[in-house]
């Protein structure tokens, strides 16, 4: 008998080539044992497991991730496991053997409308790894990802575009026309510099008032992955001004220590799509990305005289060189001295060499 039940209650599958023993494995269920045996028999003749036609991509992906759980780092596993949540149903519900490059390409095209090109490339690599495993397991013939490409996102890199303090107040007022709660979220992001993934995971217990009011940033929850540590891998704190402290207290009112601090108006975890749609961010945000609110906080802190090393710590940058980008954006002391010199020259006369005020060049 190719599949038999052991005294332990587990199921033993034995693969033979004729009367010659080839391999054997023990499984918790009869179904798993039969599935393995069918795949191995198919591999003997270079074919594909006929059971593959009954396994959907999402179910096979769960089996694949269970194997990955013990072979990759925890952060890698969490990142890859999140892929199934954004996989279009048209691909997720297909049989593994029936998924073609057409469905994969459609998924890549759809992701390109919502995610950065670098993110879509990562998703493609993860899909490729999954289908390569499916080929090895004789669930299908060929990797459909090999015949796809990530669409080029042709828009120019606009770089960072922080708000000035007055602009931030105006945006807050504009968003308040649609949702006053989310207007406060805009203000919170613009003065704390938290990443979107960090603010989504912030808990009431992360607000500390003694010895000084501050936010403890310890975790992050990206929209396509499980909760993980911050990008730098280290905890940090961001002090709260009196105005922000009052705002945070109102957000925490009526909540328990483990409840989310910053939520949607209805109390759910924040999602970028919901946030942008509700706030009319495409117009109210004046062309900025949500990440520009983090840039805004850094520039407002520096403009207020906070030392660059302190800004580095508040932002969670591992390198001071990264934080210096904001100094260069605002202009340093040398830039100010040079500008003052140009203005003095203009006040005394024309900036054009050899040309006095009132004379034609």
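The values are calculated or read from the model by the stated rules, or taken from the named source; none is laboratory data. Quick caveat: nothing in here was measured; it's all calculated off a predicted structure. All Cβ positions, glycine included, derive from the backbone under ideal geometry; neighbour counts span all protein chains shown.
Structural remarks
- Those residues of the stretch 233-249 which are assigned to a loop (DSSP other than H, G, I, E, B) and exposed (fewer than 14 other Cβ atoms within 10 Å of the Cβ), in sequence order: 233, 234, 235, 241
- Answer residue from the stretch 214-229, given it is surrounded by fewer than 18 Cβ atoms within 10 Å (Cβ to Cβ) and in contact with a strand residue (DSSP E or B) (Cβ under 7 Å, 6 or more places away or on another chain) and is nearest to residue 167 (Cα to Cα) among those: 216
- The set of residues in the stretch 64-84 being farther than 10 Å from residue 130 by Cβ and either in contact with a helix residue (DSSP H, G or I) (Cβ under 9 Å, 6 or more places away or on another chain) or in a loop (DSSP other than H, G, I, E, B) (or both) consists of 67, 69, 70, 71, 72, 73, 76, 77, 79, 81, 82.
- Against the list (1) out of contact with any strand residue (DSSP E or B) (no Cβ under 9 Å at 6 or more places or on another chain); (2) within 28 Å of residue 174 (Cβ to Cβ); (3) outside any helix (DSSP H, G or I), the condition residue 267 fails is (1).
- Of the residues contained in the stretch 105-112, none is found to be at negative phi and in a loop (DSSP other than H, G, I, E, B).
- Hey, residue 125 modelled with pLDDT of 85 or more and more than 26 Å from residue 41 (Cα to Cα) or not: yes
- Count of residues meeting criterion [out of contact with any helix residue (DSSP H, G or I) (no Cβ under 8 Å at 6 or more places or on another chain) and over 15 Å from residue 250 (Cβ atoms)] in the stretch 178-190: 0
- Considered as a group, the residues in the stretch 278-292 that are under 21 Å from residue 201 (Cα atoms) and out of contact with any helix residue (DSSP H, G or I) (no Cβ under 8 Å at 6 or more places or on another chain) include one that is surrounded by the fewest Cβ atoms within 10 Å (Cβ to Cβ), and that residue is 289.
- When residues of the stretch 302-361 are limited to those that are assigned to a loop (DSSP other than H, G, I, E, B) and surrounded by 14 or more Cβ atoms within 10 Å (Cβ to Cβ), the one modelled with the lowest pLDDT: 350
- Count of the stretch 22-43 residues which are closer than 23 Å to residue 141 by Cβ, touching a strand residue (DSSP E or B) at 6+ places or on another chain (Cβ under 6 Å) and either in the same structural domain as residue 63 (by TED's automatic domain parsing) or surrounded by 18 or more Cβ atoms within 10 Å (Cβ to Cβ) (or both): 3
- Here residue 67 passes the criteria (1) in contact (Cβ under 8 Å) with a residue 60 or more places away in the chain; (2) surrounded by 17 or more Cβ atoms within 10 Å (Cβ to Cβ) except the one numbered (2).
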